[in-house]
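A short worksheet on the structure shown next.
The values are calculated or read from the model by the stated rules, or taken from the named source; none is laboratory data. Here the structure is a predicted model, which means the values were calculated and not measured. When we count neighbours, we look across all protein chains shown, and the Cβ atoms used for this are built from the backbone with ideal geometry, even at glycine.
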Amino acid sequence: MPFPVFLALFGVTSVLLLRLLFLLRRRLPRLDAAMPRTSPPRGDPEPSGIRVAVVGAGPSGLVALRELLAAGHDAVAFEAGQGVGGTFAATYDGCLLTTSSTNTAFSSFFPEGEHVMWTAREYVEYLGRFADRFDLWPRIRFGARVESARLAEGRWEIKVSSSRAGDDVATHHFDNLAVCTGVNSHYDLPAFVGQVPL
Ligand SMILES: Cc1cc2nc3c(=O)[nH]c(=O)nc-3n(C[C@H](O)[C@H](O)[C@H](O)COP(=O)(O)OP(=O)(O)OC[C@H]3O[C@@H](n4cnc5c(N)ncnc54)[C@H](O)[C@@H]3O)c2cc1C
């Protein structure tokens with residue numbers, strides 16, 4: 001099949017599938033019967049005395065922070081951006097998730113209401129409610145980019161630059177480190193024929 005024809009067919013099929021997905025958005029069957037419901041508060045856990053730095057406050061960083069706190073660790077997240085949500089907070093208008101809310105939500109915080117295909121904005125709102133529910137906000141440092149992390153004498157030494165404090169770089173020490181920076185922070189563009197230099 002000639003490449004332009006393939007491309008046209010691929011484009012049309014993709015648009016039709018996305019449209020179908022959008023139409024089905026509010027008609028998904030309830031798949032959650034066997035899913036765990038929102039976790040009850042676990043009460044105050046026994047403090048472990050272990051300090052943990054979480055890098056990133058996208059979905060992975062938020063859930064890591066919540067689980068570490070629930071286990072009694074003294075955890076803090078450093079987020080380079082100004083809000084939670086990671087990739088989904090910075091994507092294009094109209095971005096619709098390809099995973100349903102049933103599959104995307106954390107089992108510790110199941111969403112109320114119908115199970116739908118969230119827009120990126122709805123998902124970021126859900127993540128905000130997750131942070132509310134588990135009181136994560138005071139534990140997140142926004143505008144704080146982790147510039148480096150190195151293990152020195154059994155502890156992690158991390159250097160953090162703050163968008164609020166100009167070029168200042170502060171050094172912090174932690175027992176453990178959870179790197180939740182995702183895969184989209186750096187682009188990895190393959191070389192191909194006819195490439196226009198960026
Ligand atoms: C258009 C699009 C649609 C997608 N749709 C879906 C979908 O439907 N379902 C799905 O499951 N997945 C989807 N994905 C994949 C999605 O990106 C990941 O599932 C999700 O973002 C992973 O979350 P994360 O927390 O690991 O990383 P990210 O969301 O990338 O978050 C990483 C965070 O780390 C921060 N950070 C990075 N470096 C540093 C640093 N040095 N210091 C401090 N902070 C730092 C960033 O600012 C960011 O907030 C989609 C991705 C794209 C681009």
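Side notes on the structure shown:
- A Cβ distance below 9 Å, combined with a sequence gap of six or more or placement on separate chains, defines the contacts here; from region 89-114, residues that are over 21 Å from Gly56 (Cβ atoms) and charged (D, E, K, R) reach residues that are assigned to a helix (DSSP H, G or I) and modelled with pLDDT under 90 in the pairs Glu114/Arg26.
- Flag for Thr98 being surrounded by 15 or more Cβ atoms within 10 Å (Cβ to Cβ) and polar (S, T, N, Q): no
- Only one entry in Val160, Val146, Val183, Val84 is buried (at least 18 other Cβ atoms within 10 Å of the Cβ), within 11 Å of the ligand (Cβ to nearest atom) and closer than 28 Å to Leu18 by Cα, namely Val84.
- All positions within region 59-81 that are assigned to a helix (DSSP H, G or I), within 12 Å of the ligand (Cβ to nearest atom) and of a type in the set (A, V, I, L, M): Leu62, Val63, Ala64, Leu65
- All told, Pro111 falls short of being surrounded by fewer than 15 Cβ atoms within 10 Å (Cβ to Cβ) and away from the ligand (no atom under 12 Å from the Cβ).
- Residues that are over 12 Å from the mean Cα position of the chain (by Cα) and more than 6 Å from the ligand (Cβ to nearest atom) within region 87-107 comprise Tyr92, Asp93, Gly94, Leu96, Ser100, Ser101, Thr102, Asn103, Ser107, listed in sequence order.
- Condition check for Asn103: under 30 Å from Val15 (Cβ atoms) and modelled with pLDDT under 90: no
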